[in-house]
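Take a look at the structure below.
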Amino acid sequence: MRRIFKFSISISLLLCSLLLNAQEADTIEARKSISAGFDITGPVLYALDKTKYNYEGHLSYRLNYKYYIVCEPGYSSYSYKQYNYEYNSEGWFVRIGTDIGMLEPVASKINHFAGIGLRYCLSVFEQETPSISTENYWGKVNTSIPRNSVHAHFLEIQGGVKTELVRNLLIGWSVKLRTLIYSSGKNEKKAVYIPGMGTTGASFIPSVSYYIIYRIPFGSSSGV
């Protein structure tokens, strides 16, 4: 736990340091644009492991060379089963926040991105535990927890890169760290898996995403 916390703090300080030291040039201009894409990680992992399916999109609006407004909606389902326990969870989520670029604003890099992202995230889902089996002095006990609705709020910090493969088509990846700030599921209804966040149980939950994104420029150029 302490190692994860120290790692997250170190990454945050490193990214902030890079952000503060980034060089800017007022002569470079970037056109505003809207970008749409999706994270291919979920479908690829589902092909390898059928217990979890995650599909999420990526929408962003470029204000200028440095700042982006980002929305990432998605849907996730998860099932887990072992000899004495079964759990299912499914629902939707949305992450809203900003991306902050740290590349030097030069013409050769105007359509690429490397920087940090900050997100506030909401997940609304249903979960159930169809069967729980325990053994004690009096014998074997079978019970279950019926389907119930849960909502959760969490924060995310990420660092990533995106590069223009061909005109207006970008590919990229990001490393993410998430932490839960509130969940309505308590006691026996505590969420085991939160769509958009992952399995609970740790203070910080790491994740990796790979993106394919198409950018649509519009309007006049915007200065840095």
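Descriptive notes on the structure:
- Of everything in segment 178-196 that is among the aliphatic types (A, V, I, L, M) and surrounded by fewer than 19 Cβ atoms within 10 Å (Cβ to Cβ), the residue that is nearest to GLU156 (Cα to Cα) is ILE181.
- Answer from VAL161, VAL208 - the residue that is loosely packed, with under 13 Cβ neighbours inside 10 Å and touching a residue at least 40 places away in the same chain (Cβ under 8 Å): VAL208
- Flag for THR143 being touching a residue at least 24 places away in the same chain (Cβ under 8 Å), of a type in the set (Ser, Thr, Tyr), assigned to a strand (DSSP E or B) and in contact with a strand residue (DSSP E or B) (Cβ under 7 Å, 6 or more places away or on another chain): no
- Restricting attention to segment 197-210 and to residues that are assigned to a strand (DSSP E or B) and of a type outside the set (S, T, N, Q), the residue that is farthest from GLY159 (Cα to Cα) turns out to be GLY198.
- Some residue of segment 45-54 being modelled with pLDDT of 70 or more, surrounded by 16 or more Cβ atoms within 10 Å (Cβ to Cβ) and in contact with a Ser or Thr (Cβ under 6 Å, 6 or more places away or on another chain): yes
- When the residues of segment 114-142 are filtered to those that are over 28 Å from the mean Cα position of the chain (by Cα) and either within 16 Å of TYR182 (Cα to Cα) or of a type in the set (Phe, Trp, Tyr) (or both), the one that is surrounded by the most Cβ atoms within 10 Å (Cβ to Cβ) is TRP138.
- Note on segment 68-85: residues that are of a type in the set (Phe, Trp, Tyr) and either exposed (fewer than 15 other Cβ atoms within 10 Å of the Cβ) or at pLDDT 95 or above (or both) total 4.
- Condition check for GLN158 on (1) within 30 Å of LYS190 (Cα to Cα); (2) in contact with a Cys (Cβ under 8 Å, 6 or more places away or on another chain); (3) among the polar types (S, T, N, Q): one failure, at (2).
- Leading residue by the ranking (nearest to the chain's Cα centre (by Cα)) among those in segment 55-65 that are surrounded by fewer than 20 Cβ atoms within 10 Å (Cβ to Cβ) and under 24 Å from HIS112 (Cβ atoms): GLY57
- Restricting ILE216, ILE145, ILE171, ILE157 to residues that are among the aliphatic types (A, V, I, L, M) and within 16 Å of the chain's Cα centre (by Cα) narrows the list to ILE157.
- For ALA36, the requirement of being modelled with pLDDT of 95 or more and more than 15 Å from the chain's Cα centre (by Cα) is met.
- In segment 166-177, of all residues being of a type in the set (A, V, I, L, M, F, W, C) and surrounded by 18 or more Cβ atoms within 10 Å (Cβ to Cβ), the one that is nearest to PHE113 (Cα to Cα) corresponds to LEU170.
- Condition met for ASN88 (among the polar types (S, T, N, Q) and either buried (at least 20 other Cβ atoms within 10 Å of the Cβ) or within 16 Å of VAL161 (Cα to Cα) (or both)): no
The values are calculated or read from the model by the stated rules, or taken from the named source; none is laboratory data. Bear in mind that the values here come from a model prediction, so they are computed numbers and not experimental data. Don't worry about glycine lacking a Cβ; one is built from the backbone with ideal geometry, like all the others, and counts go over all protein chains shown.
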